[in-house]
Amino acid sequence: MLYRRVSLFLSIFCLCAVVRAPHRANADDWQPINPAELSMTSVPEAPGAAAVILYRQVDRDDNTDREYNYVRIKILTEEGRKYANVEIPFFKQSEDVHGLKARTIRPDGTIANFEGKPLEQMIVKAKGLKYMAKVIVLPDVQVGSIIEYRYNDQWNFSLVYNSQWILSNELFTKSAKFSLKPNSYFPMRTSWHGLPTGTAAPRNDKGVVRLETGNVPAFQIEDYMPPQNELKARVDFTYGESTESQPEKFWKSEGKKRNEGIEGFMGKRKAMEQAVAQIVSPSDTPEIKLQKIYARVQQVRNTGYEPEVSEQEKKRAKVKSINNVEDLWKNGYGSGGEITWLFLALARAAGLEAYPVLVSRRSEYFFTPQTMDSHRLNDNVVLVKLNGKDTYYDPGTLFTPFGILPWPETGVAGLRLDKDGGTWVTTTVPDSAVSRIERKADLRLTDQGSLEGKLTVTFAGLEALSMRLEMNNEDEAARKTYMENQVREFIPVSIEVELKNQPDWKSSAPTLVGEFEIKVQGWASGAGHRALIPVGLFSAPEKHVFEHASRVHPIYFDFPTARLDDVTIELPLDWKVNSMPPAHIDEGKVCAYSTKAENKQGTLHLTRKLSVEAITLETKYYGALRNFFQVVRTGDDQQIVVQPGASAAAN
Amino acid sequence: MISKLWCSLAQARRRTDMARSRIAAATALFAGTLALCLTSGAPRACASDAPGWMHGLVNVPLPEHDDKTDAVLLYSEYVLSIQANGKMKSLQRVAYKILRVGGKRYGLVVVNFDAETKISALHGWCIPAQGKDYEVKDKDAIEASLGVANGELITDVRSKLLQIPAADPGNIVGYEVEQELRPYVLQDDWLFQRPIPTGEARYTLQLPPGWEYKAAWFNHAEIAPSSVGNNQWQWVVKNVPAVKGEKEMPPWRGVAEQMVLSVIPSGGSQNRGFQSWDDMGNWQAGLTRGRRDSSPEIKQKVAELTASAKTPVEKMKAIAAFAQREIRYVGIELGIGGYQPHAAKDVFAHRYGDCKDKATLVSTMLSEMGVESYYIVINAERDAVTPGMPPQIGIFNHLILAIKLPEGVSDPSLVAFMDDAKLGKLLIFDPTDEMTPFGQLRGALQANYGLLVTPSGGELVELPRLPSSLNTTERFAKLQLDAKGTLSGDVREVRRGDPAVYQRYVLQAAAQQSDKIKPIETLLSHSLGTFQITKATVGNLAQTNLPFVYDYSLVAENYAKPAGDLLLVRPRVMGYESRDLLETKEARKYAVEFAGPWKDSDTFEIALPAGYEVDDLPPPVNADYSFASYHSKAEVNGKTLKYTRTFEIKELSVPVSKVDELKKFYREIGNDERNTAVLKHSTN
């Protein structure tokens, strides 16, 4: 497995391949200058762009470990001149960036060559690694100039690396050519994703993979967008041992291998039977057994969530290696992945039908078996047949409540392993009722228009899990501040808030509850002789979502979630309610919102429900989604009209 | 203590270029490697005992602190030994007690160095609450160019990063670093007040025979040193409270307690610590000698730029615009290049440079037309340098120009003037600031203090404070309300001065045409729950000498809310001036700093729907304080509800004694911004 020998370097190298250059030995000449490019002042496909890539070329040879890169950029605005500062990162000991040539073509066609020597800027140096950058600053760059540079990159790791062509760039790309000559000793698989319209798939041209593309839009960053890996046009090259081209056969073979490894780790049946006998009672129902096992394995020290420590600290801690589930059980610690397999082994020992499942976290990629990249199956869960249903568990992720998975593992394809390789399954997605935030407030309105009282916030399901994970390694004071800041973010005006209880931060309970005392300064606003009380006390998070009319990418939520609010406001004795806003209900398949305000003898009762069931929405639904949130804001802005009493008037 | 780089303004604005983001991305990934090196593999700590000076701290009482304090500085010691040849050696000892998880960061030692400040030894230790000590050494450190990550293109300032193991709550971490120094100026600053409390800090100075020193104190009463040897002096401070960060406080450098030490060699050596601003001015003037020499190409360009200009002011504006727009900012800071500009002819030939370079070229070009100009070394943040401070180079980070206008030249567009007793009327100009027109000055530089470098030396001068009427946002909206509550109409927003500069930078950074509307959408989303922009144009985007203008039309459904028979309308349709920066539990410790003087005004005219009339109006607000004022009024003119307001910042800083007034002021504004008019069905 040569290509995996230096996995750390591999990951670094993959990134470098994205950003830097390719190589070819015989491309010494500049591309001809096109008069149309010289006179160009804008590009219709990229209106308003500061600069565009007119031409990009990447030629890589994995036999000679070289890469050639060529970039030509048209500067369209003053802002675009920043692209004339070129930085080419490289590893000093193992790479050589040479043959760097650069020039500026002025709008009148005259040329200013970069004559100096590239400066070498050290970025990081550590223990045999020296990460540098060659830096050039192109001269006389003005709006209308074309800048271009080319260079060769040669590395001498004597290893073969996976690589990528990322077609999407921060700038619009008018034209680009890529080639890769694969290493002749190792099988390589080519996969691609999101190629621009009109771009043909990579083709094999006498042993060289080639791709030509054009009019690649500039990549944009937006709120609530899917992982960038999923959105960028790209071609991936993966070296491996298998030459299998049929996904079904590939995964069958891969599944068998992975299953053998996992079964080997769990192959301590007697020890597991003894262990499970201490956990469950024979009379327990299957579900109770599973709950007890789940709770027990979560008590095992999960080393995957402990702060990184130095080698010396590790040595002093005398951490033993974990080779199987029996080691783990005896030593009482293990990584998250190992703990999940312990759960599987114990469940089986308890007589339950359970399987190992390898999944791909959707926080990084949207997995598809067609890619045949086994590294993307990067997490593990357990499937248990319970009452005829497939149920999924991941006790190895700290604080995950029984019955749900961490959000990156929900709704994803997984390979359920068995001795024959396995079958594909899809993990479940908990609906919004599971992952919710409930806010219950008992408040009174002061004569000055401020709200004071108690607030109880219940974070449930994945909402609770996210918070517990985020604050896992923090102390009580930090958690208190964090909780109070959560409440501040709910309310659209500044407040005073004090956490009064001690939330259960260290458990896998389905809820995390915070009890607060709050004071909302000036919540009631003036309207001449009347006063107005907005109904949306907890409306701040929705105030600014999807504020822009245009949208490029699909919309992506981590998980379905809901907000349930129940607020009572006791009015001052001599205040009278003049009018209440009507109830509002907007029930959709994807999103739902409702509010209701009632006056119960001087006490206002406000309820609000907001839920989003979707994870991904296509871009075409953005307008509807934006409209929905505008409706939410309108509803939250509804006002209760009250008539202050004499005491308020005196104030 | 290395600090160079007189160009923070441009650096801050230029952190988004593609090439740099490439490096940043790669560095971010590399950070994973670093984390591994720092926390696991690399620092193979051995079980050597921490030195006696650290063990002596195990039982010392902690300095006063609250429960939010991550760590306390138990002890720091800085020993500066100067040899007769001017070379220096320093020894620094520092020890922290970690109190909270957040204090783990004090286990990472960061020491800057360059060719003039070599590190000769570096050690770190941890004394855990239980168990044996840990030790890490120089070889366990990694090197990084943090300046690159901070926006410089090229710098020779590097940092050694050494992670001390077990930097956990309850443990003591400490380090020693020895450096060989060859400073450009025989001067040092001792910043003994930090973001965490300090138990004890010492500074020791060892001088060769016959050498002298001069100590100046800032934000702290002078302390007399004790003699601890032959021409060896020591200063000690104890129980120094923390400088805790507050929003919009003055720069840390301006409020921290500190001592500045100037060393005077025997025999009148030229390399000595600054005794006066004049000294520093002469030093700076020496660095720039010859750098403003012209060239035939520069002469030709000046002739070309000024050929069609009719007046001296037009000529100066042409030169200024050339430097602002056609000399792009590139920060290359190598060695003395952190302070010394490149030659004007090189800057002109390459068409790039940093703040010093741009100022140098402008000065040269102005000289070609017979106009004298002088450097001003300054800090881009107001109040980082204040009049009582002793002269030192570390407090500055930017360089601009003071231009002496020829006799009889005046123009109403030139307002950023200051009077100098010797040089007369000087126009302040910052060529790095691409968007502020020649003749004006952005808020952060106004009333700021800088070193004016003149042929005869230098002096600390206060830059002018311009009227708030030059920094304005005027919003005028003519709107119609229908009976369903939909508000529609046209808005014109005119920005001058800093608000215009800000919008121009925002729009310049827009990646594409369609992004240019996003700032308006963001503005409106803070005020309107539902809205559509039906038309929008930007005026004078590139004409920086003219006001920046947004014209847009909007439709906001459900703007007015029905309430029984009534219709509720907020007269303040858009924009907000209230702030919640003082709504904190903790009492304010430092003054509130405003970005600059400014004055905003809103006029919203809302034509009422047929069949409705105003039943109730919010009261007017007239809030007048010494530092700011706010006036608003809602009134009915026939069938139109008219709301007008003005907001003005009159002073650039609000002292702690007045922050309660400021808090009240913001609350008054907040209430007014939420106030509502009530419409009822008309009776006729």
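Measuring nothing but how far apart in sequence close Cα pairs (under 8 Å, 6+ apart) lie, relative to its length, region A:480-583 scores a relative contact order of 22 percent. Ordering A:277, A:182, A:197 by the projection of their Cα atoms onto the charge dipole of chain A, which places +1 on the Cβ of Lys and Arg and -1 on the Cβ of Asp and Glu, puts A:182 at the extreme positive end. Modelled label positions at residue A:311 and residue B:231, each set 7 Å beyond Cα in the direction of Cβ, lie 4.6 nm from each other. For region A:22-139, the extents of the C-alpha atoms along the principal axes are 49, 29, 29 Å, listed from largest to smallest.
State the antiparallel share, in %, of DSSP beta bridges confined to chain A, rounding to the nearest 5. Each step should come with its number before you reach the end.
Working: 144 of 164 bridges.
Close to 90 percent.
Once the Cα gyration tensor of chain B is diagonalised, what are the square roots of 5 times its eigenvalues, in whole Å and ordered largest first, as equivalent ellipsoid semi-axes?
Numbers: eigenvalues 496, 245, 112 Å².
Taking √(5λ) for each eigenvalue gives 50, 35, 24 Å, largest first.
Can you give me the Cα centroid spacing of region B:219-234 and region A:488-553 in angstrom? Spelled out, the Cα-based centre of one part sits 55 Å from the other.
Shown in residue order for region A:99-112 are the 3J(HN,Hα) couplings computed by the Karplus curve 6.51 cos²θ - 1.76 cosθ + 1.60 at θ = phi - 60°: x, 6, 10, 8, 7, 10, 9, 5, x, 7, x, 6, 10, 10 Hz (x for Gly and Pro). Using 0.36 nm per residue and subtracting the Cα-Cα separation, the extra length available between residue B:505 and residue B:637 on full extension is 43.6 nm.
Computed over every Cα-Cα pair of region B:502-648 and binned at 10 Å starting from 0, the pair-distance distribution P(r) comes out as 8, 29, 34, 23, 7, 0 percent. Per-residue Karplus couplings for region A:573-582, computed as 6.51 cos²θ - 1.76 cosθ + 1.60 with θ equal to phi - 60°, are listed in order as 3, 9, 8, 10, 8, 8, 7, 10, x, x Hz, Gly and Pro entered as x. The spacing between region A:62-118 and region A:161-232, judged by their C-alpha centroids, is 21 Å. Think of region B:528-684 as a dipole: +1 on every Lys or Arg Cβ, -1 on every Asp or Glu Cβ, centred on the Cα centre; then among B:656, B:534, B:562, B:656 lies furthest on the positive end.
Each Lys or Arg adds one and each Asp or Glu subtracts one; over the other residues with Cβ under 14 Å from the Cβ of residue B:311, this totals 0.
Which entries in the list A:318/B:118; A:117/A:177; A:74/B:478 go over 31 Å, if you measure between the two C-alpha atoms of each? Write down the numbers at each step before the final one.
Working: A:318/B:118 39 Å; A:117/A:177 28 Å; A:74/B:478 43 Å.
Pairs exceeding the cut-off: A:318/B:118; A:74/B:478.
Nearest-5 percent of antiparallel DSSP beta bridges in the protein assembly as shown? The partial results should precede the final answer.
Working: 299 of 340 bridges.
In the protein assembly as shown, approximately 90 percent of DSSP beta bridges are antiparallel ones.
Excluding the sites themselves, what is the longest stretch of chain B that contains no chymotrypsin sites (Phe, Trp or Tyr not before Pro) in a DSSP loop with at most 16 other C-beta atoms within 10 Å? Between the exposed loop sites, the longest stretch runs B:185-575. Rounded to the nearest Hz, the phi-derived 3J(HN,Hα) couplings of region B:95-109 under the Karplus curve 6.51 cos²θ - 1.76 cosθ + 1.60 (θ = phi - 60°) are 9, 10, 9, 7, 10, 9, 4, x, x, 4, 5, 6, x, 9, 8, where x marks glycine and proline. Placing unit charges on each Cβ (+1 for Lys and Arg, -1 for Asp and Glu) gives the protein assembly as shown a dipole about its Cα centre, and among A:606, B:452, B:99 the Cα reaching farthest toward its positive end belongs to B:99. What is the log10 of I(q)/I(0) for the protein assembly as shown, computed with the Debye formula using one identical point scatterer on each Cα and no solvent, at q = 0.04, 0.07, 0.08, 0.09 Å⁻¹? Reported log10 I(q)/I(0), two decimals: -0.28, -0.92, -1.24, -1.59. In whole angstrom, how far apart do the alpha carbon centroids of region B:284-321 and region A:417-451 sit? Region B:284-321 and region A:417-451 have Cα centres separated by 66 Å. Distance between the 7 Å Cα→Cβ label points at residue A:208 and residue A:590: 4.5 nm.
Here, P(r) means the percent of Cα pairs in each 10 Å bin from 0 to the largest distance; for chain A it is 3, 12, 18, 20, 19, 16, 9, 3, 0, 0.
Work through the residues other than residue A:644 whose Cβ is under 11 Å from its Cβ and net out their charges, Lys, Arg +1 and Asp, Glu -1.
0
The slack between residue B:303 and residue B:626, meaning 0.36 nm per residue of separation minus the straight C-alpha distance, is 111.4 nm. Here's how it looks for residue A:528: its modeled amide H is under 5 Å from those of B:676, which are all 5 or more places away or on a different chain.
When only the Cβ of Lys, Arg, Asp and Glu is charged (+1, +1, -1, -1), the dipole of chain A relative to its Cα centre reaches about 1360 debye. Once the Cβ-Cβ distance of residue A:607 and residue A:540 is raised to the sixth power relative to R0 = 25 Å, the FRET efficiency obtained is 0.90. So which of A:454/B:585; A:314/B:68; B:68/B:132 end up more than 25 Å apart by C-alpha? From A:454/B:585; A:314/B:68; B:68/B:132, over 25 Å: A:314/B:68; B:68/B:132.
For chain B, the relative contact order comes to 10 percent (Cα pairs under 8 Å, sequence separation of at least 6).
What is the dipole size for region B:80-185, taken about its Cα centre, with +1 at each Lys and Arg Cβ and -1 at each Asp and Glu Cβ, in debye to the nearest 20?
Details: 14 positive and 13 negative charges, 59 e Å.
With only Lys, Arg, Asp and Glu charged at Cβ, the dipole is about 280 debye.
For region B:418-565, the relative contact order comes to 22 percent (Cα pairs under 8 Å, sequence separation of at least 6).
For region A:554-651, the Kirkwood radius over C-alpha pairs fed into Stokes-Einstein at 4 °C and 1.567 mPa s yields D = 84 µm² per second.
Lys and Arg at +1, Asp and Glu at -1: add these up for the other residues within a Cβ distance under 9 Å of residue A:542 and post the number.
Its environment carries a net charge of +2.
When the trypsin sites (Lys or Arg not before Pro) in region A:544-647 are filtered for DSSP coil states and for at most 13 other beta-carbon atoms within 10 Å of their beta-carbon, the remaining sites are A:589.
Counting only DSSP beta bridges with both residues in chain B, tell me the antiparallel percent, nearest 5.
Details: 153 of 174 bridges.
Approximately 90 percent, going by the DSSP bridge assignments.
Site pair residue B:515 and residue B:130 shows an inter-label distance of 5.4 nm when each label is modelled 7 Å from Cα along Cα→Cβ.
Cross-link pairs exceeding 18 Å between alpha carbons, from the set A:174/A:232; A:320/B:137; A:589/A:620; A:101/A:134: A:320/B:137.
When the convex hull of its Cα atoms is viewed from all sides, region A:460-596 shows a mean projected area of 11.9 nm².
Readers should treat all values here as calculations from the given coordinates under stated rules, not as data from a laboratory. Predicted model only: the values in this text are computed from it and were never measured. Positions of Cβ are generated from backbone atoms using ideal geometry, with glycine treated the same way; all protein chains shown enter the neighbour counts.
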